[in-house]
1. Just to verify a result, which residue in the stretch 27-74, among those that are of a type in the set (Lys, Arg) and at pLDDT 95 or above, is farthest from MET12 (Cα to Cα)?
2. Do the conditions hold for ARG93, that is, is it out of contact with any Leu (no Cβ under 6 Å at 6 or more places or on another chain) and part of a loop (DSSP other than H, G, I, E, B)?
3. From LEU30, LEU88, LEU55, LEU48, grab the single residue that is surrounded by 10 or more Cβ atoms within 10 Å (Cβ to Cβ), in contact with a strand residue (DSSP E or B) (Cβ under 6 Å, 6 or more places away or on another chain) and in a helix (DSSP H, G or I).
4. Might you check whether a residue that is of a type in the set (S, T, N, Q), in a helix (DSSP H, G or I) and over 12 Å from the mean Cα position of the chain (by Cα) occurs anywhere in the stretch 35-44?
5. Please go through (1) modelled with pLDDT of 95 or more; (2) within 10 Å of the chain's Cα centre (by Cα); (3) among the small types (Gly, Ala, Ser) for SER9 and return the number of the only condition it doesn't satisfy.
6. Based on what the data block shows, is GLY83 among the small types (Gly, Ala, Ser), in a helix (DSSP H, G or I) and closer than 15 Å to SER9 by Cα?
7. Of the conditions (1) of a type in the set (Val, Ile, Thr); (2) more than 16 Å from GLU53 (Cα to Cα); (3) at pLDDT 95 or above, ILE79 clears all except one; give me its number.
8. Name the single residue that is farthest from the chain's Cα centre (by Cα) among those in the stretch 64-73 being farther than 16 Å from ILE18 by Cβ and surrounded by 10 or more Cβ atoms within 10 Å (Cβ to Cβ).
Amino acid sequence: MARGTSEVSEPMYFVLTILLDGPLHGHAILKGIGELSGGRVQPSVGTLYGILERLSERGMIAVDREETVNGRPRRYFRITDSGHSVVLAEARRMQEVAALVIGRAAPSA
C-alpha cells in the first residue's frame, strides 16, 4: 500500500471497513475481519489491540463507549470522519490500481 501519513496496513484497512457499519467491540471486529476477508486476514487478539491503538493515535477511530460484561470491561470503537476518509481513499486507490493491472493483463484483441 502507498506510504505516507495516511498509510494503513491491510489489517488496519479491514478494521476501518468493519467499523463503517457502526461501533463494535474487539471480538466483533475480529469476527468481522475474518468474514469480510474470507478468512484470509485473521489478526491475533494482541495484534488487533495494537492496530486499534495505532488507529486511535492517528485519529481514525475513537472509543464510542465502554460497558462491563460478565465482570469484564468491553470497549466499543467507532470510525471517525478522518478514518472514513482514509478507508474510502484507500479503496479508490486499490480500485484504480487493479484496473490498471487488469487492463495491461487483458489479452489484446
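The values are calculated or read from the model by the stated rules, or taken from the named source; none is laboratory data. Everything quoted here is computed from the prediction, not taken from an experiment. Reconstructed Cβ throughout: ideal geometry from the backbone, glycine too, with neighbour counts over all protein chains shown.
1. Checked the stretch 27-74; the qualifying residue farthest from MET12 (Cα to Cα) is ARG65.
2. On the way: out of contact with any Leu (no Cβ under 6 Å at 6 or more places or on another chain): yes; part of a loop (DSSP other than H, G, I, E, B): no.
So ARG93 does not fit the description; no.
3. Numbers: LEU30 fails: in contact with a strand residue (DSSP E or B) (Cβ under 6 Å, 6 or more places away or on another chain); LEU88 fails: in contact with a strand residue (DSSP E or B) (Cβ under 6 Å, 6 or more places away or on another chain); LEU48 fails: in contact with a strand residue (DSSP E or B) (Cβ under 6 Å, 6 or more places away or on another chain).
Among LEU30, LEU88, LEU55, LEU48, only LEU55 is surrounded by 10 or more Cβ atoms within 10 Å (Cβ to Cβ), in contact with a strand residue (DSSP E or B) (Cβ under 6 Å, 6 or more places away or on another chain) and in a helix (DSSP H, G or I).
4. no
5. Single failed check for SER9: (1).
6. Working: among the small types (Gly, Ala, Ser): yes; in a helix (DSSP H, G or I): yes; closer than 15 Å to SER9 by Cα: yes.
Yes.
7. ILE79 satisfies every listed condition except (2).
8. This residue is GLU67.
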